[in-house]
Structures are given as structure tokens and as C-alpha cells.
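Chemist: Can you read through this structure? Questions will come right after.
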Amino acid sequence: MSETINDIQNEIIEEFSMLDSDMEMTIEYIMELGQQLPEMAEALKNEDNIVKGCQSKVWLNAEAKDGKIYLEADSNTAITKGLVSILVRILSGRTPQEIVDADLYFVDKIGLNRFIGTQRSNGLGAMMKQIKIYGLAYSAKAE
Amino acid sequence: MAQTLEKHTLDIQKIRAQFPVLHQEVNGKPLIYFDNAATNQKPKRVIDALVKYYEHDNANIHRGAHALAARATEAFENTRVSVQKFINANEPEEIIFTKGTSESINLVASSWGRKFLNPGDEVLISTLEHHSNIVPWQMICEERGAELKVIPINEAGEIIIEALDELITEKTKMVAFNHASNSLGTINPVKHIIDKAHAVGAKVLVDGAQASSHLAVDVQALNADFYAFSAHKMYGPTGLGVLYGKRDILEKTPPYQGGGEMIKEVSFGKTTYNDIPYKFEAGTPDIANVIAFNEAILFINELGKENIAAYENELLAYATDKISQIEGVRLIGTAKEKVSVLSFEVEGIHHFDLGMWLDAKGVAVRTGHHCTQPLMDHYCIEGTVRASFSVYNTIEEIDAFIEALKSTISKFKK
């Protein structure tokens, strides 16, 4: 992977800027992104992998291979699934250190705060935290 | 469905004009506010009363020997009398100001419960309860060794009356249930349940949070021992609630919190407590909000509760009819008697997605379990979408909501 985390974040910011802050177009686009998310194996959608949000469920599985963390995820709501797919696109296949160091500024830039806003509304904020925890755990193991 | 068949005589556009918050766009669309069961909006007169208090009258009450303190105290106590009349309590001393319905219930569970519940006693609640009317009872039952029992409901979301005979026994010391359900809108047969409870000597607490702005409440006619509600669900300020209690019961109930206002005399050896209601109002109360709350009560009184109920029933009947025609919609809660709450789910679409789409189209609804998880479990669902109506909502808004819902559903059929 030659693109950095920030390269991809900038790409995403660029894509969303074309939606002109129109909320309906934004949601529609997020849902489309969700449909592109590689399917998660049903067996991985287990209790251990649930990232608890109040209204939507998110499953997240992280595996380390060749010094990199590979993420698989899914959600039971279409919009959260789209948001999850963005995180996977940015953070999957990165080294633990890259994940720990990542500054996810795209969230502010594309106005996703309102989707994450309250921890109660969906599992995205919790998922970001969980990915960071995986990053920390794997980087500690590597040392 | 129609709780009253009377025709209302309200000028809705004139009412809407009194609510500044309604006149705005959200996501580029005119705001349609259908989250009234969570909190409803405030008329200008309530907002003005808050500003006027802080600009002219701000002072601590009940003590100061100066003009501002006298004005603030008078206005504060005027609200107590308004509340007393609003629910037809026997005297103003039976009205206690709290932070909200939750605190009112916690006060009773904690103070009354700690004194009067004993091992082997039973507290009865219903399946329809908000967490606020479940958890405080669980906590005190655990502490006192009492048992919590639950009145079941039928598929429509109505309390199964026949089950009461078996559940209300000599062991029952408290029956706590809502006047109207926040998730489904069901209006419960309050008087009937109270009479049954009293027949075995149990006390009754009614959670009136969802009823107070929709239904005429007469605590003496109901013979309720406690009645709890929140100002912010009846066009009043947030952070303020009411607990009504019968004088003799309040007098026997120990204080909830210690502090200023609630004492008569304090020495390091012993404190004697103030009379009701002050015994339960430790610390400086929410003076500004109490004073502004009076305007909310006047607002309701001037419109007339019968008028409000008749109009909201029209809105509910219209919305129920329209939404029932949409394929894939399942109404959750179809009781014969309902306040203006429309809870539903749509086959194959998560309520969170529906809520976000409706918001994008300017429609504010509530999604989720509405703090009634055991009730959601009863229906084997995670949550619903809830549209709830107030007197300032219109038929045109319901039409726009129905169109927004249909267009949202079509997005998922691609």
C-alpha cells in the first residue's frame, strides 16, 4: 500500500466535498460505500466482535499478518455500515504504529461529527476507539 | 382511538407563531418537529419569563428581606398554586418541585420505600414502564428485600386488567405505573388500577410524564397517592419536575436530601425538619424555571386541555390512517386509548437509518428503545421510530412526514 492514511483521508474529503453538504446526498453516498464493504464472514459476527453502540450494532474483527492489521467489519444498519466501510478503507492493512499515530481529521472535515456525535447514536465512535486499542495492543506485542 | 370526540376550536397557525424554534430550516428543509414525547417546544411567553426573571427579579427565595427576594418568592409560590390547580390537588403544600419525573419517582422510591417497604413486601409495576419507573424500584426492592412484580400487557400494548386480580395482593405495598406510555402512547385505566391497589391497602404512584400535557389530570378524582411529571414535556423549561403527594403520606415520608430550605432548626446534636413541601426541597430550588413554568401552565389552560386533546387526537388518527397504508410498516402499540404517539417499524430497514433519513428531510423523530427496553423485549424488537405530536403540529406536516417516509423506504428497495 503506497498511499498513506492521510492520502486516503484526503481522497475521502475530496469525494464528500462534491456532495455540497447536502444531507440526503451525503447519506445516500455513505450507504453506497457500505454496499462496497467486503462481506464479513458470518462466523466472525459473534459476541466477542460486537462494538456496542446504543442503536446500531457494529462487528469488528482485527487480524495481524506480516506486521500489519487487517480489519473486517459490518453493521446491522445501512448508514453505520457505510461509515464503518470508510474506517476500514483508511485503516485496514496498516501497521499497528500507523494506526496508533493516525489523526482521523476526515471526520471533522466531512461533517461526520453529527453521525458520531453522541456515543449513543451508533457504534462508529466506539469502533474508532476499538481500532486504536487493537493498534496499541499489537504495537505493544511487537516491541 | 379518539379519546374525545369533541371538535377543537384552536387556531393552529396562531399557536405556531408563538413558538420561535419551529420557524427554521434543518438540512435545508422546513423543520417538522415530531419528537414531542421526548420534550416539546417552548412558547415565547415561557422564554420571556426566564429572561424577565434574570433581568429584573433574580434573588434567592424564602429568606431575603428585600424587594427582589419578595418578588421572586411570590412568583415562585404562585407557580406552586398554579400546579396545584392544574392537577386539582387539595392544597399547594402537596406540590413538590424536583428536577423531573425521574427525580420525583426516585424521591418516593428512596424516601417512602426505605421507610415503608419490608422484606416480603411487593412492588408492582407494568411492562409499559420507562426505565425511570423501573430502576428506582429495583434499587429499593433490593435494598429492602422486597420483590418487584410486573403487570403484563397484550399485543396492542394495553395492560391486561384480568392479571391485576392475581398480582395485587395483601403483599402489595406500592403500585407504580404510567398514565400514558412514552413508547406506545397507551393510556392506562388509572382509576381502575388505583381502586384495586387501595382495596388491599397499597399506595399508588402514577408516572404522568406523558399525560400531563395531553390529558386532564385530577389527582383527587383519581385518588392517586403520588403523581409525577416533568415541566419540559408540557411546554415548560427543562430540568424541572413535580411530585404530587397526599399530605398525610408526605408528612410520614422522611426527607430525601438534607440541606438548606428543608430544615426548621439545626444544631450539631439534632435537626428538626421543615414542613411539607419544603422538607423535600433541599437547597436553592430552580427558581427561574419554576417561575417560567407558570407561563407554560397558563398557555395550556388558555388553550384548554379538552381542545388540545381533541386536536392531537385528530392528528394521531390522521397519521395512523396514512401510515397504515404504507407497505411494510408495522405499528407498535395499537391501544384503543392513546395519546398522540405513533411508534412503528418498517420491514427490512433499521430504525436508525429511518431516523437519519427523516432528519435529512427535516423531520425530527425519536428512534431506539425509548428507555423502555423490557417493553421492546416484549415485542421482540430492538427499537422503533416514534413520531409524537403536540398542539402546534399540523396535518400538512403529517403529509410531508408520510411523503418523506415513503421516499426513504424507496431508497432501500433499489
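The values are calculated or read from the model by the stated rules, or taken from the named source; none is laboratory data. In this text the structure is predicted, and so the values were computed from the model without any measurement. Cβ sites come from the backbone with ideal geometry, for glycine too, and all protein chains shown count toward neighbours. Accessible surface areas use protein heavy atoms only, side chains included; no ligands, DNA or RNA. Shrake-Rupley method; radii C 1.70, N 1.55, O 1.52, S 1.80 Å.
Chemist: Quick check: anything in the stretch B:158-165 buried (at least 22 other Cβ atoms within 10 Å of the Cβ), in contact with a helix residue (DSSP H, G or I) (Cβ under 7 Å, 6 or more places away or on another chain) and not basic (Lys, Arg)?
Modeler: So far as the stretch B:158-165 goes, no, none of its residues is buried (at least 22 other Cβ atoms within 10 Å of the Cβ), in contact with a helix residue (DSSP H, G or I) (Cβ under 7 Å, 6 or more places away or on another chain) and not basic (Lys, Arg).
Chemist: Quick one: is B:Val81 open to solvent by 30 Å² or more (accessible area, probe 1.4 Å) and of a type in the set (Val, Ile, Thr)? Can you show your working first?
Modeler: On the way: open to solvent by 30 Å² or more (accessible area, probe 1.4 Å): yes; of a type in the set (Val, Ile, Thr): yes.
Taking the combined requirement at face value, the residue satisfies it.
Chemist: Continuing with this model, one more query. What do you reckon, is B:Thr253 hydroxyl-bearing (Ser, Thr, Tyr) and either more than 19 Å from the chain's Cα centre (by Cα) or more than 27 Å from B:Ala109 (Cα to Cα) (or both)? Break it down stepwise before answering.
Modeler: Details: hydroxyl-bearing (Ser, Thr, Tyr): yes; either more than 19 Å from the chain's Cα centre (by Cα) or more than 27 Å from B:Ala109 (Cα to Cα) (or both): yes.
Taking the combined requirement at face value, the residue satisfies it.
Chemist: Considering only residues that are in contact with a Gly (Cβ under 8 Å, 6 or more places away or on another chain) and in a loop (DSSP other than H, G, I, E, B), look in the stretch B:18-36 and name the one that is modelled with the highest pLDDT.
Modeler: Within the stretch B:18-36, the match that is modelled with the highest pLDDT is B:Leu31.
Chemist: Out of everything in the stretch A:23-49 that is outside any helix (DSSP H, G or I) and under 26 Å from A:Ile110 (Cβ atoms), what residue ends up being farthest from the other protein chains (Cβ to nearest Cβ)?
Modeler: Looking at the filtered set, the residue picked out is A:Pro38.
Chemist: How many residues are part of a loop (DSSP other than H, G, I, E, B), among the aliphatic types (A, V, I, L, M) and either farther than 16 Å from B:Trp112 by Cβ or under 13 Å from the mean Cα position of the chain (by Cα) (or both) if we restrict to the stretch B:220-250?
Modeler: Applying the first criterion (part of a loop (DSSP other than H, G, I, E, B)) to the stretch B:220-250 yields B:223-225, B:234-240, B:246.
Next, only the ones that are among the aliphatic types (A, V, I, L, M) stay: B:224, B:234, B:240.
Narrowing further to those that are either farther than 16 Å from B:Trp112 by Cβ or under 13 Å from the mean Cα position of the chain (by Cα) (or both): B:234, B:240.
Number of matching residues: 2.
Chemist: Here's another thing I want to ask about it. Which residue pairs have Cβ atoms under 6 Å apart, sit 6 or more places apart or on different chains, and have a first residue in the stretch B:348-372 that is assigned by TED's automatic domain parsing to the domain that holds B:Thr394 and under 18 Å from B:Phe412 (Cα atoms) and a second that is of a type in the set (Gly, Ala, Ser) and assigned to a loop (DSSP other than H, G, I, E, B)?
Modeler: If the second residue must be of a type in the set (Gly, Ala, Ser) and assigned to a loop (DSSP other than H, G, I, E, B), the pairs left are B:His351/B:Gly383; B:Phe352/A:Ser56.
Chemist: Checking the condition of a type in the set (A, V, I, L, M) and within 19 Å of A:Tyr138 (Cα to Cα), which residue from A:Ile27, A:Ile5, A:Ile13 passes?
Modeler: Being of a type in the set (A, V, I, L, M) and within 19 Å of A:Tyr138 (Cα to Cα) holds for just one of A:Ile27, A:Ile5, A:Ile13, which is A:Ile5.
Chemist: Restricting attention to the stretch B:291-315, report how many residues are buried (at least 17 other Cβ atoms within 10 Å of the Cβ) and without any contact (Cβ under 8 Å) to a residue 24 or more places away in the chain.
Modeler: 0
Chemist: Continuing with this model, one more query. Can you confirm whether B:Tyr235 is surrounded by 13 or more Cβ atoms within 10 Å (Cβ to Cβ), within 21 Å of B:Ser82 (Cβ to Cβ) and touching a Ser or Thr at 6+ places or on another chain (Cβ under 9 Å)?
Modeler: Values: surrounded by 13 or more Cβ atoms within 10 Å (Cβ to Cβ): yes; within 21 Å of B:Ser82 (Cβ to Cβ): yes; touching a Ser or Thr at 6+ places or on another chain (Cβ under 9 Å): yes.
Yes, satisfied.
Chemist: Considering B:Leu375, B:Leu405, B:Leu342, which residue is part of a helix (DSSP H, G or I) and under 26 Å from B:Phe19 (Cβ atoms)?
Modeler: Selected residue: B:Leu405, the only one of B:Leu375, B:Leu405, B:Leu342 that is part of a helix (DSSP H, G or I) and under 26 Å from B:Phe19 (Cβ atoms).
Chemist: Which residues, counting only those in the stretch A:54-82, are in a loop (DSSP other than H, G, I, E, B), open to solvent by 10 Å² or more (accessible area, probe 1.4 Å) and within 14 Å of chain B (Cβ to nearest Cβ)?
Modeler: Across the stretch A:54-82, the qualifying residues are A:Cys54, A:Gln55, A:Asn76.
Chemist: Test A:Ala137 against the criterion of being modelled with pLDDT of 90 or more and surrounded by fewer than 22 Cβ atoms within 10 Å (Cβ to Cβ), and give yes or no.
Modeler: Criteria not met by A:Ala137.
Chemist: Conditions: (1) in contact (Cβ under 8 Å) with a residue 60 or more places away in the chain; (2) closer than 22 Å to A:Gly135 by Cα. A:Glu63 meets all but one. Number of the miss?
Modeler: The single condition A:Glu63 does not satisfy is (1).
Chemist: What about B:Glu103, is it under 22 Å from the mean Cα position of the chain (by Cα), closer than 30 Å to B:Leu148 by Cβ, assigned to a loop (DSSP other than H, G, I, E, B) and in the same structural domain as B:Asp165 (by TED's automatic domain parsing)?
Modeler: So B:Glu103 fails the test.
Chemist: Here are the criteria: (1) in contact with a Ser or Thr (Cβ under 9 Å, 6 or more places away or on another chain); (2) in a loop (DSSP other than H, G, I, E, B). Tell me which single one B:Lys7 does not satisfy.
Modeler: So B:Lys7 meets the others, but not (1).
Okay, residues lined up against (1) in contact with a Cys (Cβ under 7 Å, 6 or more places away or on another chain); (2) assigned to a loop (DSSP other than H, G, I, E, B); (3) touching a residue at least 12 places away in the same chain (Cβ under 8 Å):
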{"position": "B:Glu129", "(1), (2), (3)": "no, yes, yes"}
{"position": "B:Leu148", "(1), (2), (3)": "yes, no, yes"}
{"position": "B:Gly157", "(1), (2), (3)": "no, yes, yes"}
{"position": "B:Lys191", "(1), (2), (3)": "no, no, yes"}
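Chemist: Give the residue that is farthest from B:Gly368 (Cα to Cα), with candidates limited to residues of the stretch A:24-53 that are more than 17 Å from the chain's Cα centre (by Cα) and open to solvent by 60 Å² or more (accessible area, probe 1.4 Å).
Modeler: My answer is A:Ala43.
Chemist: Shifting gears a bit: Please go through the stretch B:364-414 and give me each residue that is within 12 Å of chain A (Cβ to nearest Cβ) and within 23 Å of the chain's Cα centre (by Cα), ordered by number.
Modeler: Scanning the stretch B:364-414 gives B:Arg366, B:Thr367, B:Gly368, B:His369, B:His370, B:Cys371, B:Gln373, B:Met376, B:Glu382, B:Gly383, B:Thr384, B:Val385.
Chemist: Look at the stretch B:316-336 and say how many of its residues are surrounded by 16 or more Cβ atoms within 10 Å (Cβ to Cβ) and part of a loop (DSSP other than H, G, I, E, B).
Modeler: Adding up the residues that qualify gives 4.
Chemist: Another one. In the stretch B:352-363, which residues are more than 7 Å from chain A (Cβ to nearest Cβ) and open to solvent by less than 10 Å² (accessible area, probe 1.4 Å)?
Modeler: B:Leu354, B:Leu358, B:Gly362, B:Val363 - these are the residues of the stretch B:352-363 that are more than 7 Å from chain A (Cβ to nearest Cβ) and open to solvent by less than 10 Å² (accessible area, probe 1.4 Å).
Chemist: Moving on. Just one of A:Ser75, A:Ser85 is in contact with a Leu (Cβ under 6 Å, 6 or more places away or on another chain) and modelled with pLDDT of 90 or more; which is it?
Modeler: Criteria check complete, one pass: A:Ser85.
Chemist: When you go through (1) open to solvent by 10 Å² or more (accessible area, probe 1.4 Å); (2) closer than 23 Å to B:Ala176 by Cβ; (3) not aromatic (Phe, Trp, Tyr) one by one for B:Ser212, which number turns out not to apply?
Modeler: (1)
Chemist: Here are the criteria: (1) at pLDDT 90 or above; (2) over 24 Å from B:Leu50 (Cβ atoms); (3) open to solvent by less than 10 Å² (accessible area, probe 1.4 Å). Tell me which single one B:Ala288 does not satisfy.
Modeler: (2)
Chemist: Run down B:His62, B:His8, B:His66 and say which single residue is at pLDDT below 95, at positive phi and either outside the structural domain of B:Ser390 (by TED's automatic domain parsing) or surrounded by 15 or more Cβ atoms within 10 Å (Cβ to Cβ) (or both).
Modeler: On the way: B:His8 fails: at positive phi; B:His66 fails: at positive phi.
Within the list B:His62, B:His8, B:His66, the selection yields B:His62.
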